[in-house]
């Protein structure tokens, strides 16, 4: 019985959402569709670049909390004298 109920309700579950933030960019533009609904466009490398895009729109710039940062190069390891 429980399996039948689960089987009937499974198709009603909504699709899974993709990650909201793109970890490749440090700044995101939060765009408001209305008072409740909004979405993010993460593709900005600076706050000034984002603010230029947000100008005149119902939007604001936010720092991307999932920004992975630049790929840092490690210095070569030095061998210790023995």
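Every number here is computed from the coordinates shown, using simple stated rules; none is lab data. Just so it is clear, the structure is predicted and the values come from calculations on it, not from any experiment. Glycine gets a Cβ as well: all are built from the backbone with ideal geometry, and neighbour counts include every protein chain shown.
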From fewest to most C-beta neighbours within 10 Å, the residues 79, 24 line up as 79, 24
Quick note on 53, 46, ordering by fewest other C-beta atoms within 10 Å, gives 46, 53
The simple spin-label model distance between residue 35 and residue 62, using points 7 Å out along Cα→Cβ, in nm, is 1.9 nm
Ordered by fewest other Cβ atoms within 10 Å, a rough proxy for footprinting exposure, 27, 63, 36 read 36, 63, 27
